[in-house]
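Notes for the one structure printed next.
The values are calculated or read from the model by the stated rules, or taken from the named source; none is laboratory data. Treat the numbers as computed from the prediction; the structure is a model and nothing was measured. Cβ atoms come from the backbone with ideal geometry, glycine included; neighbour counts cover every protein chain shown.
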Amino acid sequence: MTPDEFAGQMSVLVTPFIAMLVGLVITLWVKDFAVSIAKGLSFKLFGPFKEGDKALLDGRPAVVVKIGMTSTVFGVQEEDDYIWRYVNNDKISGLKLGKVIINHNRL
């Protein structure tokens, strides 16, 4: 058996496995992307927050700036800076997040 024949036989054996591996990677990526979009739509359409609402994010005052398909942007005041915090929608359920209904400081 010559090296060229051996390489030809190996490529015939290895090619289906490489194709299956690439297909598996693409499938998992699409699944994660679809879950992220579904959670984003659920949070946007059925969630307790709308854009512009005041919230407590991990115990600190924040404003919901934008609710997107895959991530949500919160505005957080840090000393002299105003920081936008980007949170993936599939991670929102793990955050300590509360909605500000009445702000007693301004009454």
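Taking first residues from region 9-38 that are exposed (fewer than 10 other Cβ atoms within 10 Å of the Cβ) and partners that are of a type in the set (S, T, N, Q) and not in a helix (DSSP H, G or I), no Cβ contact under 8 Å between residues at least 6 apart in sequence or on separate chains turns up. Scanning region 80-95 for residues that are hydroxyl-bearing (Ser, Thr, Tyr) and in a loop (DSSP other than H, G, I, E, B) returns no hits. Look at region 82-100: where a residue is modelled with pLDDT of 85 or more and surrounded by 12 or more Cβ atoms within 10 Å (Cβ to Cβ) and a partner is in a loop (DSSP other than H, G, I, E, B) and polar (S, T, N, Q), sitting 6+ places away or on another chain with Cβ atoms under 8 Å, you get Asn88/Thr70.
If you go through region 43-79 and keep only what is of a type outside the set (A, V, I, L, M, F, W, C), exposed (fewer than 12 other Cβ atoms within 10 Å of the Cβ) and not in a loop (DSSP other than H, G, I, E, B), you end up with just Glu78. For region 61-81, a tally of residues being modelled with pLDDT under 90, among the charged types (D, E, K, R) and within 20 Å of Val100 (Cβ to Cβ) returns 1.
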